[in-house]
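Quick note: the coordinates plus some simple rules give every number you see, no bench work behind them. Everything numeric here is computed off the predicted structure, so don't read it as measured data. Cβ sites come from the backbone with ideal geometry, for glycine too, and all protein chains shown count toward neighbours.
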Amino acid sequence: MNLDRRTFLKTALILGGITKTSLVFASKMPNEEVKDDVEQIITNENKLKFEKSILAVGENEVNFFLTFFNLKTKESKIDDFVETVNILQKEFFSSGKSIDGILGSDTLKQIYLNYYLKKLEKLDQNQLKRLEIYQKMLGYEKKSGALYRGLNVFNYMTYYGKGNKEPKENTFISQDLIGKIPENIGSKINKILVYKLNKKTILTFYIDGNLYLSTYVSAGTLKNKTPKLNTFGQKKPDLYHTSSEYPKRGGRKGGAIMPYAVHIDGPIWLHGSDGQVDGMPHSHGCIRVPLFYIDEIYTQVSKLGIKNVLIDTKNIY
C-alpha cells in the first residue's frame, strides 16, 4: 500500500465513521433521545473493546498506538481507537472473525510489520526492543529450516508472563515487584537470585550489587524439580537453544525451543518459553522466563561472562 498511511486512516475514519454513521441515524433513528441511547451503547461497547485490548497487548502498546495514529488527544479517542483497529483489521485480514475492533496479538503483529517497521524513527524504546526480539526469533527458521519457529513476540503472556504487569517504564523491573525486593545486596557482585516470594517464584538480577531486573518466572514442577544450587553456569549462553529431552513423542525426544538460554547446571537452563510463566511451577526442570526479561538477561550475561554471574536457586521452593 503506497498511500500515506496516516492520511488513509484519517480519511477512512471520516468517511467510514462520521458520514456512514450519519446516514444510519438519518434513516433509522426516530428522535434524538433514541439516537443518544444508541450512541451510548456503542461507546460502552467500545470501552469494553479498549479494555480488552489493554489486557491482550498491554497498556504501553495501546498508548503507543494512540500516539502513533494521532488519537491520543482526541476527546473520542476510545471510539476512534476501536474504529482505527477495525480499519486496520479489514486491511490485514479476510476473515470476519479477526475483525472485532480489539487490538490482539495477531493485529499487533501486522501493525508492527506494515506500519511501525516503516517508521522506525517514530518508535519508542519498547517498540524497538520488541522488533529486535522479533527479528532474533526469526533465526530459528534460518538455523533449523521449517522445523522450528521462534516464540510469539506479540503475545502478552509470552512477552511479559501470564497475569504479570508490564515493567516499570524504562526499566527491566516488573511493576508487580516494585518495593517488594531489595534495591541492592550489599556487595559489588553480579548475581541472579531465583526464590519464592509470597508463594510465587521470582527472579532478581543484580549487577555490581544493584538491582537491575526482576520478574516472575516458572520453575520445574514438583515431579521435575529445578535443582537448588549456588553456581556459575558451565556453558555459554545459547540464543537458539533447543531441548534434547522434550517433547517426548513417537519414540523420539527433543526439539522444544528454548531461546536466550542461560546455563545453570547440567540440562538446566534459564530460557524464554511460550508455556505458562506466572510464578507457579510448570516446567520440566528449567526456569521459564518471560521473553522481554530473558532477552536482557541473555544480553547481560553474555557481556559479563558466565564466570562473572553467580546463579542462586537455593530458595526456589
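Overview of results
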item	result
Two-decimal log10 I(q)/I(0) for the stretch 48-198, as the Debye equation yields it once each C-alpha is a single scatterer, q = 0.11, 0.13, 0.15, 0.20 Å⁻¹	-0.54, -0.72, -0.91, -1.34
Kirkwood hydrodynamic radius over Cα pairs of the stretch 143-312, then Stokes diffusion coefficient at 25 °C and 0.890 mPa s, in µm²/s	153 µm²/s
Mean Cβ neighbour count within 10 Å, used as a protection proxy, ranking 119-129, 71-81 highest first	71-81, 119-129
Relative packing of 165-172, 287-294, which averages over residues the other C-beta atoms within 10 Å, highest first	287-294, 165-172
Whole-angstrom gap from the stretch 94-127 to the stretch 49-80, using each part's C-alpha centre	12 Å
Pairs beyond 30 Å (Cα-Cα), from Lys49/Lys223; Lys119/Lys165; Lys136/Lys191; Lys180/Lys314; Lys109/Lys223	Lys49/Lys223; Lys109/Lys223
Residue order, fewest to most surrounding Cβ atoms within 10 angstrom, among Glu91, Glu245, Glu83, Glu183	Glu183, Glu245, Glu91, Glu83
Equivalent-ellipsoid semi-axes of the stretch 124-232, from the Cα gyration tensor, Å, largest first	27, 19, 15
